Each structure stands twice: as structure tokens, then as C-alpha cells.
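I have placed the structure first, in the form of C-alpha cells, so that the comments after it can refer back to it.
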Amino acid sequence: MRGSISNRRLFEPRSLRDALRMLRDEGPLVPMAGCTDLYVSLNFGTLKDTRFLNLWRLDALRKIETRGAGVSIGALATHTNIMRSALVGKRLPMLAAACREIGGVQIQNRGTLGGNVANASPAGDTLPVLAAADAVVVLASAGGIRRVPFTAFYTGYRRSVMRPDELIVAFDIPAVHGRQWFRKVGTRAAQAISKVVMAACDDDRPRIAVGSVGPTVVRLPRTEAALASGASIADARRTLVDEITPIDDLRSTAEYRRRVAANLLARCLTEFGMS
Amino acid sequence: MPIPVRLRVNNTSCEHTVEPRVLLVHYLRDFCGLTGTHVGCETGICGACTVLVDGQPVKSCTMFAVQADGFDVTTIEGIATNGHLHPVQQGFWDCHGLQCGFCTPGMIMASVHLLAQNASPSREQIAEGLRGNLCRCTGYSHIFDAVNQAAGQSARITGVARG
């Protein structure tokens, strides 16, 4: 275990206010919750930080509740909490579907929605759902709250607009009126990192988001615009292939990802009843 | 900077002062002497280190010991009663649910939780419940048989895990 040889310091806030004050006065601190990604980076030696802020006990950030016709999900809601939430099942089934595909039972019990977003992997399974649903990220600091559209949250590979003194506290997800769709393609069904992951809904117009095909999760504005103006599935496939920027890496090839993303789009649109 | 932790492990109070870097799995093995919980991949994949924290299965290699402060932890050493194997342990014994045995403690802890949630799971539900645990010997078939046998005796399964 590489992490074992260096010193670590842990901060244990008792409330959100406490946590935000620690971030302001003692920062920089690495927020931690379920640690399902964080500990792996520590063990691989890719995380050099030594000062941590343990958020796990802040139960106030674990709430899943109605917000108007939509839903608000606390950053510490675990994948298990989300999968079991009747409210999510009713209003945002594509998010429950994404959480069900993450890791195994143990990871679902520890991993959180806020952690999945903060970890900022382009392969994060819940991210296309938040992008397609036009979620809003609620960020808190000692100075107050700000709300950032999820589609403006990431600025590049593992980069976001979040400042070091801020925490993700919740996601506000407006009502999705149309059908919802989610699909993950990985090496195996359980515990695989996505080669391509897609979420879509057809509210008043189709909204489509894809992960693992670029430096961040992406919405597909050109493909969406084409579909909104009546493009066929075949045309939409061609637009998507031009619009995404996958790379070859250890999990897959760019060519495979283009083909599979186009196939997923076709499957989704067919299930939405388009032709 | 060492931090005091106080938790219950297999219904016994444990108090130690540990560095925040110590993983729960290393705490259990090195501080509590409970080496039944295995360290496999150390990256949250294999599930060999699965224990129950307040009845919920977690991978103890992705949790720091200080994060378990105040919680109830159950390990493989804590499920037999008065020398009698837990029905899941008996199932693994009877159905040859192991070969090398490395994954077994984690498989059993995940199975104990699975049966606490669903007393008569289908084979598919068993596979789903154990998707977080890898076995490289058995091809899983005998493991599913073992859980299935234990499910048949679910009345004997005590309240170690909560649903």
C-alpha cells in the first residue's frame, strides 16, 4: 500500500458550516466521502494530497426530496440510496438505472452522487444522466451558495469550475416530462468502467449526453438540433459520429467508441419511437 | 496525526489510536487480529475484504478505519454462533463453494447480506447480489449453489445483516 508511508491529516466537521469553515481556514483539503475513487488514487500513488475533510457523517447532505416538479438530491446520497428512492424511481428512472450499473453492492453502498461528479472522470456513469436532465450543481462555500448548470460545470479533462473552498452540496434536477433512457457499455456487466455510456430524454426536444467519448461528459447539441428539426436516425448517427471526440485508451479504441455510440443512439431513438 | 477510534467489531468494543491513513481492512487485521478479512486488490474491485458496517456490505479497503468510528462492524469471524457455522458458511462447505478460499470471506459476507434482504433469491438475484465479488477458481456455480442451500435454511439465519 503506497499510501501508508506518508503522513495524513484528517478533518472531521460536525456540520456543513463547520466543513465550509475548515475549507476556508485550513485549505486546501481534499473532501472525502465513500472513498471508492479516492482511496484507489491514493493506492496508485496518483493522489499526492495529505489533508482530508471527511464529509461522510453530514447526513443533512444525504436527502433526496421533491423540488417543485423535479427532485433535489443531496451530494452524499449513495448509489444505493438513489436506487431505492421511490421519488427517483418515479421522476428520474434513468438515474436509478445508472446507479444500478455502478460497481457492485459494496461500492453502491459507499459511492455518492457528489463523489461521482467531483471525481470528474469522463467515464462517470451518472454524469450523462445529469447532463441530459439539465441538472444544476449546488455549490456552497463559507461565502454562500452558487448554482451552476451541470453542462457548464466541467471545463476540461478532470477540471471543473468548482473552487477549492467549495463543496458540492446537492443537485437540483428539473422535471423531465418525456421518456428517459440510459445505457452503459463496458467489458463486463458488473464492476466495469464504461467504454461508452449514454443517457437521453425526449422532453419537448431530444436531449442526449454521452460519456467516455471525450475529455468530459458531453451533450450533443448538433445531434439534438438535427433531431429537433426532423433528422432521420441515419442522419443523426452521422452527426453524432462527427460530434464526439473519443480516443484510443486502455479500455477501448476511438473507432469502437464511435460505432457503439452511434448504435446506442439508434437504439435509443428507436425505443423513443422515432425512425 | 493519530486519531482515537471506538467501534464495535463482532459485538466487542474496540478502542485504538490510529493514523488516518490506516484502512479499515488493515485495522481489522493488524489492530484487532482478525485476519479472516482478506486484502485482495486494494482497489475496490475484488470484494475479498467485504465486511458489514452497520449491516451494510462495504469493501474495507476503500474505507479508512477512522471513518468507521462509532459504527458496528461484522467480519467473517463474527457470524458463527457457539461453534456452529452460519448457514452460508455451511453452504460453502457442503457445496464446495471455494477452492483456494481467497475470495471466500468476502463472498460469504456479501451473501449474508443478500439473504438478509431476500430470503429466497433466484439464481439471477444471487448473481446480482454477488456482482461486487470476484472468484477466479470456481466459475461461481458452486458459490451460487452454496447461497441457494443457505437460503433454504433462512429461518436459521440470525440478524447479523440488516436489509
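The values are calculated or read from the model by the stated rules, or taken from the named source; none is laboratory data. It should be emphasised that the depicted structure is a prediction, and the values quoted were computed from it without experimental measurement. All Cβ positions, even for glycine, are placed from backbone atoms using ideal geometry, and neighbour counts span all protein chains on display. Heads up: the accessible areas ignore ligands, DNA and RNA and are worked out on the full protein's heavy atoms, side chains in. Shrake-Rupley method; radii C 1.70, N 1.55, O 1.52, S 1.80 Å.
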Under 8 Å between Cβ atoms, at least 6 apart or on separate chains: pull out the pairs that start in the stretch B:49-60 with a residue that is within 9 Å of chain A (Cβ to nearest Cβ) and in contact (Cβ under 8 Å) with a residue 40 or more places away in the chain and end on any residue that is surrounded by fewer than 20 Cβ atoms within 10 Å (Cβ to Cβ) and aromatic (Phe, Trp, Tyr).
-> none
For the stretch A:12-48 the number of residues that are basic (Lys, Arg) and either touching a Gly at 6+ places or on another chain (Cβ under 7 Å) or crowded, with 19+ Cβ neighbours inside 10 Å (or both) is 0
Could you tell me which of the residues A:Ile168, A:Ile145, A:Ile173 is more than 18 Å from A:Arg219 (Cα to Cα) and under 13 Å from the mean Cα position of the chain (by Cα)?
-> A:Ile168
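Which residue is farthest from the other protein chains (Cβ to nearest Cβ), if the candidates are limited to the stretch A:186-195 and must be more than 11 Å from A:Asp125 (Cβ to Cβ) and either open to solvent by 30 Å² or more (accessible area, probe 1.4 Å) or modelled with pLDDT of 85 or more (or both)?
Top of the filtered list is A:Lys195.
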Pairs, first small (Gly, Ala, Ser) in the stretch B:1-15, second in a strand (DSSP E or B), C-beta under 9 Å, six or more apart | B:Ser13/B:Arg6; B:Ser13/B:Leu7
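Rundown of residues vs (1) away from every other protein chain (no Cβ under 14 Å); (2) surrounded by fewer than 17 Cβ atoms within 10 Å (Cβ to Cβ); (3) of a type in the set (A, V, I, L, M, F, W, C), yes/no style:
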residue: A:Val137; (1), (2), (3): yes, no, yes
residue: A:Arg147; (1), (2), (3): yes, yes, no
residue: A:Phe153; (1), (2), (3): yes, no, yes
residue: A:Val161; (1), (2), (3): yes, yes, yes
residue: A:Gly178; (1), (2), (3): yes, yes, no
residue: A:Lys184; (1), (2), (3): no, no, no
If we keep just the residues of the stretch B:1-15 that are open to solvent by less than 40 Å² (accessible area, probe 1.4 Å) and within 12 Å of another protein chain (Cβ to nearest Cβ), which is nearest to the chain's Cα centre (by Cα)?
-> B:Val5
Scope the stretch B:16-48; condition under 10 Å from the mean Cα position of the chain (by Cα) and more than 9 Å from every other protein chain (Cβ to nearest Cβ); matching residues = B:Gly36, B:Thr37, B:His38, B:Ala48
In the set A:Ala69, A:Ala75, the lone residue that is within 30 Å of A:Asp203 (Cα to Cα) and open to solvent by less than 20 Å² (accessible area, probe 1.4 Å) is A:Ala75
Restricting attention to the stretch A:87-104, does a residue exist that is touching a strand residue (DSSP E or B) at 6+ places or on another chain (Cβ under 9 Å), open to solvent by 20 Å² or more (accessible area, probe 1.4 Å) and closer than 25 Å to A:Leu20 by Cα?
-> no
Does A:Gly114 meet the test of being in a helix (DSSP H, G or I), more than 14 Å from every other protein chain (Cβ to nearest Cβ), surrounded by fewer than 22 Cβ atoms within 10 Å (Cβ to Cβ) and out of contact with any Ser or Thr (no Cβ under 7 Å at 6 or more places or on another chain)?
-> no
Of all strands (runs of 3 or more DSSP E) completely enclosed by the stretch A:141-244, which ones contain at least 3 residues that are closer than 30 Å to B:Thr43 by Cβ?
-> A:154-156, A:167-173, A:180-185, A:196-202, A:206-211
Answer from A:Arg147, A:Arg159, A:Arg163 - the residue that is over 23 Å from A:Leu58 (Cα atoms) and not assigned by TED's automatic domain parsing to the domain that holds A:Val213 = A:Arg159
Return the total of residues in the stretch A:245-256 being exposed (fewer than 15 other Cβ atoms within 10 Å of the Cβ) and assigned to a helix (DSSP H, G or I).
-> 2
With the first residue restricted to the stretch A:62-77 and required to be hydroxyl-bearing (Ser, Thr, Tyr), and the second required to be open to solvent by 40 Å² or more (accessible area, probe 1.4 Å) and not in a helix (DSSP H, G or I), Cβ contacts under 9 Å at 6 or more apart or on different chains are A:Ser72/A:Lys63; A:Ser72/A:Ile64; A:Ser72/A:Glu65; A:Ser72/A:Thr66
Can you spot a residue in the stretch B:76-96 that is modelled with pLDDT under 95, assigned to a loop (DSSP other than H, G, I, E, B) and buried (at least 19 other Cβ atoms within 10 Å of the Cβ)?
-> no
Working only within the stretch A:117-135, note down all residues that are in a helix (DSSP H, G or I) and open to solvent by less than 10 Å² (accessible area, probe 1.4 Å).
-> A:Val117, A:Leu127, A:Pro128, A:Val129, A:Leu130, A:Ala131, A:Ala132
Say whether the condition of being in a helix (DSSP H, G or I), in contact with a Pro (Cβ under 9 Å, 6 or more places away or on another chain) and of a type in the set (D, E, K, R) is met by at least one residue in the stretch B:122-144.
-> yes
Residue that is open to solvent by 20 Å² or more (accessible area, probe 1.4 Å) and either hydrophobic (A, V, I, L, M, F, W, C) or touching a strand residue (DSSP E or B) at 6+ places or on another chain (Cβ under 7 Å) (or both), where the choices are B:Cys135, B:Cys61, B:Cys100 = B:Cys100
Report, ordered by the first and then the second residue, all pairs with beta carbons closer than 7 Å, sequence separation of six or more or different chains, a first member in the stretch A:237-253 that is in the same structural domain as A:Arg207 (by TED's automatic domain parsing), and a second member that is open to solvent by less than 60 Å² (accessible area, probe 1.4 Å) and of a type in the set (Lys, Arg).
-> A:Pro246/A:Arg257; A:Arg251/A:Lys195; A:Ser252/A:Lys195
